[in-house]
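Encoded as structure tokens, the structure appears first; notes follow it.
What follows is calculated from the coordinates using simple rules that are stated; it is not laboratory data. Since this is a predicted model, take the numbers as computed values, not measurements. When we count neighbours, we look across all protein chains shown, and the Cβ atoms used for this are built from the backbone with ideal geometry, even at glycine.
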Amino acid sequence: MESTTAAGERSAPASNNFLRSIITDDLKSGRYERIVTRFPPEPNGYLHIGHAKSISVNFGLAEEFGGVCHLRFDDTNPEKESQEFIESIQEDVRWLGYEWAGPVRYASSYFEQFYAWAIHLVEHDKAYVCDLSPDEAREYRGTLTEPGRNSPYRDRPASESLDLLRRMRDGEFAEGERVLRAKIDMASPNMNLRDPILYRIRRVAHHQTGDAWCIYPTYDFAHGQEDAIEGVTHSICTLEFEDHRPLYEWLIENLPVPSRPRQYEFGRLNTSYTVTSKRKLKQLVDEGIVAGWDDPRMPTIAGLRRRGYTPAAIRHFCEMVGTSRSDGVVDVAMLEHAIRDDLNQNAPRGMCVLRPLRLKLRNAPAQHLPLRAPAHPSRDDLGERELPFSGELYIDREDFREEANKKFKRLVLGKRVRLRNAYVIEAVDVEKDESGEIAAVIADLIEGTLGEDPADGIKPKGVIHWVEAGSAVPATVRLYDRLFTDPAPDRGSADFMSFLNAESLTVVEHALVEPALAAAAPEAHFQFEREGYFVADRQEHSAEHPVFNETIGLRDVWAGKGNTGGSQ
């Protein structure tokens with residue numbers, strides 16, 4: 001795959017991997033004139049960060065070698081599938097910067113062909129209809145250390161199996177009453193070859209075919225045949241399908257398919273502090289732990305997008321991880337580094353006060369002063385922004401103390417700080433409310449310090465951010481942390497729900513932002529100076545009601561906790 005710059009531009013291919021070597025050899029030898037890959041998700045949930053890796057591998061290799069990549073939905077399990085998931089997957093692939101060749105494809109489009117091939121297998125004594133119940137079938141299947149036993153229906157005449165298969169299709173039998181099984185080897189050390197199920201009865205409508213079918217092929221039966229129909233050359237899967245490859249090849253060998261694809265496996269992408277099981281992600285959604293599949297704390301592509309992650313950062317992360325033949329867990333800090341680096345280079349700056357404290361300047365000019373500041377300290381192409389300035393501002397409450405030691409580099413009574421992109425000020429007094437809480441800080445503006453040090457030589461202790469009281473816009477700001485407190489929340493028999501981070505979301509309802517931030521378009525990214533990187537929420541943000549989601553902090557605060565990783 002080619003590497004990707006922070007700005008999202010494609011550059012030269014990244015370091016080599018074993019899949020690139022295989023494809024290079026196949027093209028050089030003339031085995032194929034053009035490669036065809038495919039990305040074949042089951043539409044039973046939203047895609048997650050692991051799928052982003054598969055997308056980048058399949059689409060990226062096709063791009064690099066001048067081939068094509070198909071988007072195909074393996075929709076053979078209609079109970080768990082929906083049109084919502086189909087649409088979300090298409091949107092995710094496009095958002096990541098890829099486009100599939102030709103129309104969207106579906107396994108269900110080939111159901112008639114699959115059924116015809118099932119008949120072919122029965123006619124050639126390669127499959128049979130089995131009447132064992134699910135519990136009986138498990139008993140006959142054997143174990144990892146003991147061979148299975150042949151079903152008592154294994155040797156029933158082909159004519160009888162054909163009749164039963166047709167009656168299965170016609171809806172004559174109940175779910176679980178009969179299945180179609182391949183006739184391979186019940187003593188095989190590979191459990192997938194012990195007469196695997198090819199068709200089962202499911203009395204449920206399909207989102208594409210409606211009520212046309214009440215029997216559906218298994219994924220193992222459909223997978224290779226879809227590839228063959230579409231002319232796929234390199235069927236690239238994650239490593240859990242390695243043990244299924246002999247069945248993939250057996251079916252290709254025993255069916256009159258139009259082409260002979262090959263399956264290759266690579267290690268799937270797992271990240272620390274993350275759960276990617278669709279079942280567990282669905283549980284988080286169903287139990288209201290998160291606000292939906294696109295909650296910014298979710299590892300789904302939709303969630304990462306709403307959190308403010310960029311396609312460039314995700315692609316770059318997938319390239320940094322590399323493509324290998326073995327599974328492993330990648331430190332989520334790598335993903336966080338990728339987005340932090342991207343936004344540091346590309347996100348315009350702005351100021352947001354999360355915990356407003358009024359600041360009154362006794363000697364500020366009577367008229368408002370429109371100051372100007374660069375949108376980015378090293379990106380002249382991003383231009384400048386205007387900062388309204390007057391005698392009444394807001395600073396963050398945590399940036400002021402009446403008394404403090406020398407380590408506190410912010411505003412203290414009798415001390416000076418610089419207002420970001422503005423003047424040096426000195427705090428001289430406070431106003432308190434009836435409860436004794438500080439309601440306002442009184443300060444003096446040090447003249448001649450716009451972009452200059454004070455003439456008296458007394459330098460400020462630090463820099464703080466601010467917004468002008470009259471023009472600042474109220475905003476809702478959501479602060480995020482990792483959803484789980486443990487690096488491996490679903491390890492072994494552990495209950496992943498017991499590792500939920502109670503502080504994964506903090507909502508600040510009354511933050512104040514400079515006017516330019518409020519006017520930003522949804523999904524616009526910013527660095528809130530001294531706070532972190534944020535994105536205007538793609539669903540709820542508007543100029544009238546600004547809503548920002550924290551993407552990542554300016555620096556890693558998890559590394560010091562003794563855990564792997566880095567977060568805001």
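Listing for the model above:
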| item | result |
| --- | --- |
| E398/M497 FRET efficiency (R0 30 Å; Cβ-Cβ; nearest 0.05) | 0.35 |
| Calculated FRET value between L382 and E509, using beta carbons and R₀ = 25 Å, to 0.05 | 0.25 |
| Radius, Kirkwood style, for the chain when every pair of distinct Cα atoms is counted (Å) | 27.5 Å |
| Positive dipole terminus of the chain, leading residue within N346, H525, A439 (C-beta point charges) | N346 |
| Cα-centre dipole for region 350-468 with unit charges at Cβ (Lys and Arg positive, Asp and Glu negative), debye to 20 | 460 debye |
| Local electrostatic count, N192, Cβ distance below 13 Å [Lys/Arg +1, Asp/Glu -1] | -3 |
| Region 110-217 shape via C-alpha gyration tensor axes, a/c threshold 1.5 | prolate |
| Total charge dipole magnitude, region 110-217, about the Cα centre, Cβ charges on Lys, Arg, Asp, Glu only, Debye to nearest 20 | 200 debye |
| Mean separation of Cα contacts under 8 Å, 6 or more apart, over the residue count of the chain: relative contact order % | 12 percent |
| Inter-probe distance in nm under a simple model that places probes 7 Å from Cα toward Cβ, at E91 and D211 | 3.2 nm |
| Cβ-based net charge around A291, under 13 Å, with every Lys or Arg adding one and every Asp or Glu removing one | -2 |
| Entries in K407/K432; K406/K459; K360/K406; K28/K53; K409/K432; K80/K280 that, when Cα-Cα distance is taken, lie over 18 Å | K407/K432; K360/K406; K28/K53; K409/K432 |
| Neighbour net charge for S108 - beta-carbon separation under 11 angstrom, K R +1, D E -1 | -3 |
| Region 428-481: C-alpha gyration tensor shape, a/c 1.5 cut-off, then a/b vs b/c | oblate |
| Expected 222 nm ellipticity per residue - DSSP helices of 4 or more, -39500 (n - 2.57), all of the chain, to 500 | -7500 deg cm²/dmol |
| Estimated FRET transfer efficiency (Q345, A521; beta-carbon r; R0 30 Å; 0.05) | 0.90 |
| Net charge dipole size for the chain [Lys, Arg +1 and Asp, Glu -1 on Cβ; Debye, nearest 20] | 960 debye |
| Prolate/oblate/rounded call for region 269-347, Cα gyration tensor, a/c under 1.5 rounded | oblate |
| Sequence-separation-based contact order of region 110-217, relative, with Cα cut under 8 Å and 6+ spacing, percent | 27 percent |
| Relative contact order for region 265-396, counting Cα pairs under 8 Å that sit 6 or more residues apart, in percent | 21 percent |
| Burial ranking of peptide ranges 384-394, 314-324, 128-138 (average Cβ count within 10 Å, highest at the top) | 314-324, 384-394, 128-138 |
